[in-house]
Amino acid sequence: KSTTSALAILWFALTRDAVGRDWKCVTTAGAWQQLIQYLWPEIRKWARLLNPEELGRPELDTRSELLTLNLKLRFGSAFAVASDNAMLIEGAHADSMMYVFDESKAVAAETFDAAEGAFSGASDETGIEAFALAMSTPGEPNGRFYDIHTRKKGLENWWPRHVTKEE
């Protein structure tokens, strides 16, 4: 899961930055430790493995671009946020937005709701795009992550993908 999230974040950031598009990627989790111990080290690991020639840009600079808990490029940034007060993660806006909810079964419904504000202007007409990626192992049959996967009313725009142990 962490590898998939890391690659999605790098794809989003680098493809938008390459064309000069204003972007932000917010990463969050139910616990700060999830971000600092798992997700962001995985992002840094995969960033080091990128081929600069194929990207058409220099290797990510670890002093100014690829930092401990954020990625700062010319036209946007990816960063970690977590709070027990969901309202404190509101306010991210850009022409291209992505939210990554790591270990989503532990993310409060209020945090998902707070993130939705960033998606309010997204449409083909406005040219604003918004993505959300919620990854987790299975948990108890409750919470927003569970509701997304059971296609609860109001969550029909999510595309759940269940990956089996065999896969």
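The values are calculated or read from the model by the stated rules, or taken from the named source; none is laboratory data. A quick note: this is a predicted structure, and the numbers were derived from the prediction, not measured. Methodologically, a virtual Cβ is constructed for each residue, glycine included, from the backbone with ideal geometry; neighbour enumeration extends over all protein chains shown. Protein only, heavy atoms only, side chains kept; ligands, DNA and RNA dropped before computing areas. Shrake-Rupley method; radii C 1.70, N 1.55, O 1.52, S 1.80 Å.
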Within the accessible area of region 75-167 (1.4 Å probe), percent carbon and sulfur: 52 percent
Above-threshold pairs, the threshold being 26 Å between Cα atoms, out of Lys72/Lys152; Lys105/Lys165; Lys1/Lys72; Lys45/Lys72; Lys24/Lys45: Lys72/Lys152
For the chain, the longest site-free run once trypsin sites (Lys or Arg not before Pro) in DSSP loop states with at most 12 other Cβ atoms within 10 Å are removed: 75-150
Of the DSSP H helices in the chain, those whose Cα atoms cover at least 20 Å axially and whose Kyte score averages 0.0 or more: 2-18
Sorted peptide list for 27-36, 78-87, 122-131, criterion being average Cβ within 10 angstrom, highest first: 27-36, 78-87, 122-131
Relative packing of 92-101, 5-14, which averages over residues the other C-beta atoms within 10 Å, highest first: 92-101, 5-14
Value in Å of the Kirkwood radius, where region 96-167 supplies the Cα pairs that are averaged: 13.2 Å
Helical contribution to [θ] at 222 nm, DSSP H n ≥ 4, -39,500 (n - 2.57), averaged over the chain, rounded to 500: -7500 deg cm²/dmol
The chain: antiparallel DSSP beta bridges as a percent of all, rounded to 5: 20 percent
Amide proton proximity set for Leu66, modelled H, under 5 Å, gap of 5+: Asp61, Lys72
Relative pair counts by distance (%), Cα atoms of region 1-90, 5 Å bins: 3, 14, 25, 26, 18, 9, 4, 1, 0
Antiparallel DSSP beta bridges within region 62-144, percent to nearest 5: 45 percent
Stokes-Einstein translational diffusion, the chain - Kirkwood Rh over all Cα pairs, 0.692 mPa s, 37 °C, in µm²/s: 199 µm²/s
Accessible area in square angstrom per residue, region 8-145, 1.4 angstrom probe: 53 Å²
